[in-house]
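The structure appears right after this line, and notes come after that.
Every number here is computed from the coordinates shown, using simple stated rules; none is lab data. Only a predicted model underlies this, so the values are computations on that prediction, with no experimental measurement involved. With ideal geometry, Cβ positions are generated from the backbone for all residues, glycine too; neighbour counts draw on all protein chains shown.
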Amino acid sequence: MWVTAMGDTHVRRGRNRRLPELLCESLARADAVLHAGDVLTSELLEELASYAPVYAVLGNNDHELVGVLPETRRVTLDGVDVAMVHDPGPRAGRVARLHRRFPDADVVVFGHTHEPCEQTGIDGQLLFNPGSPTQRRRQPFHTFGELEFRNGRIVSHQIVRA
């Protein structure tokens, strides 16, 4: 199963900001889409859903999606237990904090920081922040993530420059 992950897109109505072409190419191959929050509009969720089923969480800027998106989400994709949350809290103590919050998750996908992260946590748990494909902030590149799951295993994961 091919999964495209993103977060912090901050795409608003009436602006010319679009998703990068490389991200759209990844979405066209995706069996599932993960969005780690700060989606901002239901229009973007609909656009993403035109590619594959979308699993998203509420970000701190998702005011019009309150009541639509959950603050956390758990989903099993090809036997891999994926937990999602927008804000992982401060960097100090993050590994232990996310493990306490989602002890049985194979992968924890998060956003908020715009900082790409692929980190092995406690008991081999993968902590994965795809960064942002549209707002790099202090990062050198716009990014998103790709993961491959097969038969309950994480086969591959990578951060991709958008």
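About the centre of its Cα atoms, region 110-152 shows a dipole size close to 240 debye [charges on the beta carbon of Lys, Arg (+1) and Asp, Glu (-1) only; nearest 20 debye]. Apply the a/c threshold of 1.5 to the C-alpha gyration tensor of region 1-62 and tell me whether it is rounded, prolate or oblate. Oblate. Which listed residue (90, 6, 54) has the Cα farthest towards the positive end of the charge dipole for region 1-123, taking +1 on Lys and Arg C-beta and -1 on Asp and Glu C-beta about the Cα centre? Final value for the positive-end residue is 90.
What does the charge add up to near residue 145, with Lys and Arg as +1, Asp and Glu as -1, over the other residues with Cβ less than 13 Å from its Cβ? My count for the surroundings of residue 145 gives -4.
Placing +1 on the Cβ of every Lys and Arg and -1 on the Cβ of every Asp and Glu, with no other charges, gives the chain a dipole of roughly 540 debye about its Cα centre.
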